[in-house]
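> Can you read through this structure? Questions will come right after.
The values are calculated or read from the model by the stated rules, or taken from the named source; none is laboratory data. This structure is a prediction, so every number in the text was calculated from the model and none was measured. Glycine gets a Cβ as well: all are built from the backbone with ideal geometry, and neighbour counts include every protein chain shown. Surface accessibility is based on the protein's heavy atoms, side chains included, excluding ligands, DNA and RNA. Shrake-Rupley method; radii C 1.70, N 1.55, O 1.52, S 1.80 Å.
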Amino acid sequence: MFAVRARRMAKQIRKRNNRKTGAGRRWSQRVTEESDALTLEAGVFTKRTPRQIAMSLKRSADRSRRRKSDPYRSAMSMLTFFINRAGKGLSRSRKQKLEKAKVELRMLYGKE
């Protein structure tokens, strides 16, 4: 009787722990989707060229009412955040494309 109860309790504890870690594992996705930085277009980081990524971020930053700072800063911080956190498992070529998107973004805003 005691062994059955102990197994059941252990299972409940594992389930509870899995729930906690499961919610914490996707915090960067939640930030990307719900952040006050800006409202992003769907699939912005999967666009084909760095220019398209930068233009989409610029469009989103210029239109967004949710951002807290100027459009350039919001767009650049979201791109940097994605590279550093959300894109943890990026391939080398994708990461290079996103880094080039930073350069494009600077050019679009006349910062370089």
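> Of the numbered conditions (1) aliphatic (A, V, I, L, M); (2) modelled with pLDDT of 90 or more; (3) not in a helix (DSSP H, G or I), Leu57 fails exactly one; give the number of that condition.
It fails just one condition, (3).
> Kindly indicate whether any position in the stretch 42-56 is more than 15 Å from the chain's Cα centre (by Cα) and among the aromatic types (Phe, Trp, Tyr).
Checked the stretch 42-56: no residue is more than 15 Å from the chain's Cα centre (by Cα) and among the aromatic types (Phe, Trp, Tyr).
> Hey, another quick one. Tell me, which residue of the stretch 56-65 that is over 17 Å from Arg94 (Cα atoms) and of a type outside the set (Ser, Thr, Tyr) is surrounded by the most Cβ atoms within 10 Å (Cβ to Cβ)?
Ala61
> Restricting to the stretch 16-54, and then to whatever is at pLDDT below 85 and hydrophobic (A, V, I, L, M, F, W, C), can you tell me which residue is least open to solvent (accessible area, probe 1.4 Å)?
Looking at the filtered set, the residue picked out is Leu38.
> Out of all the residues in the stretch 67-88, which are open to solvent by 80 Å² or more (accessible area, probe 1.4 Å) and either in a loop (DSSP other than H, G, I, E, B) or closer than 13 Å to Leu40 by Cβ (or both)?
If the condition is that a residue be open to solvent by 80 Å² or more (accessible area, probe 1.4 Å) and either in a loop (DSSP other than H, G, I, E, B) or closer than 13 Å to Leu40 by Cβ (or both), then Lys68, Lys88 are the ones that fit.
> Consider Ala101 against the criteria (1) touching a helix residue (DSSP H, G or I) at 6+ places or on another chain (Cβ under 7 Å); (2) exposed (fewer than 13 other Cβ atoms within 10 Å of the Cβ); (3) not polar (S, T, N, Q): it satisfies all of them except one. Which criterion is unmet?
(2)
For (1) of a type in the set (S, T, N, Q); (2) over 18 Å from Arg30 (Cα atoms), each residue gets a yes or a no:
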residue: Gln52; (1), (2): yes, yes
residue: Arg67; (1), (2): no, no
residue: Ala75; (1), (2): no, no
residue: Thr80; (1), (2): yes, no
residue: Arg85; (1), (2): no, no
residue: Lys100; (1), (2): no, yes
residue: Leu105; (1), (2): no, yes
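> Then there's this: Within the stretch 73-98, which residues are touching a residue at least 40 places away in the same chain (Cβ under 8 Å), of a type outside the set (A, V, I, L, M, F, W, C) and closer than 16 Å to Lys58 by Cα?
Matches in the stretch 73-98: Ser77 only.
> Do we find that Val4 is modelled with pLDDT under 75 and in contact with a helix residue (DSSP H, G or I) (Cβ under 9 Å, 6 or more places away or on another chain) in this structure?
Spelling it out, it is not the case that Val4 is modelled with pLDDT under 75 and in contact with a helix residue (DSSP H, G or I) (Cβ under 9 Å, 6 or more places away or on another chain).
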